[in-house]
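Asks: I have a structure here, written as structure tokens, and I will follow up with some questions on it.
The values are calculated or read from the model by the stated rules, or taken from the named source; none is laboratory data. Owing to the predicted nature of the structure, the values given are computational and were not obtained by experimental measurement. A quick note on method: Cβ atoms are made from the backbone with ideal geometry, for glycine too, and the neighbour counts reach across all protein chains shown.
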Amino acid sequence: MKRRRRTTTIVPAGPRHGGDQPAATRANRGPAQRADQVPHAPGTAHTRTMDVPVLRWLDPPEGPAIALLDQTRLPAEEAIVICGDVAALEDAIRRLVVRGAPILGVAGAFGVALAAARGDDVAAAAEAIGGARPTAVNLVWGARRVLAAYQRCLEAGPEKPHHQQRIAAQAALDEARAIAAQDAAASAAMAAYGLPLLPPRGARILTHCNSGALVSAGEGTAFAVILAAHRAGRLARLWVDETRPLLQGARLTAYEARRAGMDYAVLPDAAAASLFAAGEVDIVLTGADRIAADGSVANKIGTYGLAVLARQHDVPFVVVAPVSTIDFDTPDGSAIVLEHRAAREVTFLAGQAIAPLGSAAYNPAFDVTPAAFITALVTERGVAQPVTAGNLQVLDTRPGARDSALTETSMER
Ligand code: MRU
């Protein structure tokens, strides 16, 4: 379907380097920097996204510990939270200090390595971390992968138990680092696979929630594709759903888009329908928190509504996620456990009640989009199009999974 281009009125985002940003704090030991200090030569495309690492491992004497960029405080300030034990990390994960599927996998991995480095009960730590948020499958995936590396080393070693435990703790840390490196590489591969799916130039992309460098050891999932488009001069505008109730779009995606120098505008979630109706969206790109074996995608609440709108308006709806987000043990969308969060996240805004005190709220963190609504799934191993159980199986890297999967041929690589 050919869409008419119309000019839509947007409220300017404010001066790129003006005084509209609150000063950043340098909390704890992080190399915090004001968001508006990103080097920028006027007139040039500047594509830098993050200065403060989203997650950092601290060795002794500072650690062992995990330093997290506190995403609950963005964009106002870039503050660091130090997690010195698994309980602190669990709390940070529940409060969304660190959030978004791939980085939760990395956080879960380093959390188990932390337990090992401290000599804590590593299996119990993996269990506790994996349960901190039930929908994002990467969390449990990362935690289990490091636990397995730890246990393998512990069981295999000839050393005395105490010494072997130290060697196993190092193996756990090495595995966590490998997961982070693989995530960064996956991010780059997804950007490369996703870019050709966009209109050749001047794409107006709508995205939901946050899927950039804040959720990844690399440049993210859907946002990595958007960034690639921006760098290639193929992004006309990024439409950023504010993403109620916790505003990951307005607070975090806009933060990343602004730092990257993109032309972007934030819209209330409720405005998306009229944006489609005005013919202002060429493609929708989102990430995923868990993808069932049948291709159903759990992602931030509101994603399903966008998929329905995209179908209604004949706009491609593309999901970008690493293979680690596909849960082959979950057969379909109805089997995905959806996290429900506190009523207060809906009934309060910035600490102020916006509904009568005591109001009940419906606050699922995620919804499920059936595979039939998804035009393509971009992964680091290729593009599944159409999104079918058979095409997903081609991506399955578990031992023993590949032989049967190779019968399927409709993958694009
Ligand atoms: O509740 P959040 O902020 O952790 O939800 C995150 C999302 O829904 C993202 O869209 C998702 O993790 C995919 S991006 C990697």
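Asks: Return the residues of the range 271-306 that are part of a helix (DSSP H, G or I), among the aliphatic types (A, V, I, L, M) and more than 14 Å from residue 367 (Cα to Cα); say none if nothing qualifies.
Replies: Scanning the range 271-306 gives 271, 272, 273, 275, 277.
Asks: Among 334, 296, 274, which is the only one that is assigned by TED's automatic domain parsing to the domain that holds residue 194, touching a Gly at 6+ places or on another chain (Cβ under 6 Å) and polar (S, T, N, Q)?
Replies: It is 296.
Asks: Can you pull out the residues in the range 106-127 that are more than 15 Å from residue 57 (Cβ to Cβ) and buried (at least 24 other Cβ atoms within 10 Å of the Cβ)?
Replies: Listed by number, the residues that qualify are 122, 125, 126.
Asks: Could you grab me the full set of residues in the range 363-379 that are exposed (fewer than 15 other Cβ atoms within 10 Å of the Cβ) and away from the ligand (no atom under 16 Å from the Cβ)?
Replies: Scanning the range 363-379 gives a single hit, 372.
Asks: Name every residue in the range 324-340 that is hydrophobic (A, V, I, L, M, F, W, C) and crowded, with 19+ Cβ neighbours inside 10 Å, in order of residue number.
Replies: 326, 336
Asks: Kindly check whether there is at least one residue in the range 191-213 that is within 16 Å of the ligand (Cβ to nearest atom) and more than 16 Å from residue 319 (Cβ to Cβ).
Replies: So far as the range 191-213 goes, yes, one or more of its residues are within 16 Å of the ligand (Cβ to nearest atom) and more than 16 Å from residue 319 (Cβ to Cβ).
Asks: Another question, then. What is the one condition in (1) within 23 Å of residue 339 (Cβ to Cβ); (2) buried (at least 24 other Cβ atoms within 10 Å of the Cβ); (3) touching an Asp or Glu at 6+ places or on another chain (Cβ under 6 Å) that residue 190 does not satisfy?
Replies: (1)
Asks: Among the residues that make up the range 145-156, is at least one of them within 22 Å of the chain's Cα centre (by Cα) and within 29 Å of residue 330 (Cα to Cα)?
Replies: Within the range 145-156, one or more residues are within 22 Å of the chain's Cα centre (by Cα) and within 29 Å of residue 330 (Cα to Cα).
Asks: Next question. Just give me the residues in the range 237-250 being out of contact with any Cys (no Cβ under 7 Å at 6 or more places or on another chain) and under 16 Å from residue 346 (Cβ atoms), in sequence order.
Replies: Within the range 237-250, 242, 244, 245, 246, 247, 250 meet the criteria.
Asks: Looking only at the range 129-164, how many residues end up being crowded, with 18+ Cβ neighbours inside 10 Å and closer than 13 Å to residue 119 by Cβ?
Replies: 2
Asks: Cβ contacts < 6 Å: first residue of a type in the set (Ser, Thr, Tyr), restricted to the range 249-276; second residue assigned to a helix (DSSP H, G or I) and modelled with pLDDT of 95 or more, any location; separation 6+ or different chain. Result?
Replies: From residues that are of a type in the set (Ser, Thr, Tyr), the pairs are 264/257.
Asks: Further question: If only one of 337, 323, 319, 346 is under 23 Å from residue 275 (Cβ atoms) and not polar (S, T, N, Q), which one is it?
Replies: Of the residues listed, the single one that is under 23 Å from residue 275 (Cβ atoms) and not polar (S, T, N, Q) is 319.
Asks: Continuing with the same structure: Considering every residue within the range 108-127, establish whether at least one is more than 30 Å from residue 266 (Cα to Cα), in a helix (DSSP H, G or I) and within 15 Å of the ligand (Cβ to nearest atom).
Replies: yes
Asks: So, in the range 61-97, of the ones that are more than 13 Å from the ligand (Cβ to nearest atom) and of a type in the set (Val, Ile, Thr), which residue ends up nearest to residue 134 (Cα to Cα)?
Replies: Residue satisfying both the conditions and the ranking: 86.
Asks: Pick out, from the range 129-246, the helices (runs of 4 or more DSSP H) lying fully within it that include 2 or more residues that are closer than 25 Å to residue 363 by Cβ.
Replies: Of the helices (runs of 4 or more DSSP H) lying wholly inside the range 129-246, those with at least 2 residues that are closer than 25 Å to residue 363 by Cβ span 137-156, 222-231.
Asks: Now for a different question. Please work out if residue 173 is crowded, with 17+ Cβ neighbours inside 10 Å and either without any contact (Cβ under 8 Å) to a residue 24 or more places away in the chain or under 16 Å from residue 286 (Cβ atoms) (or both).
Replies: Taking the combined requirement at face value, the residue does not satisfy it.
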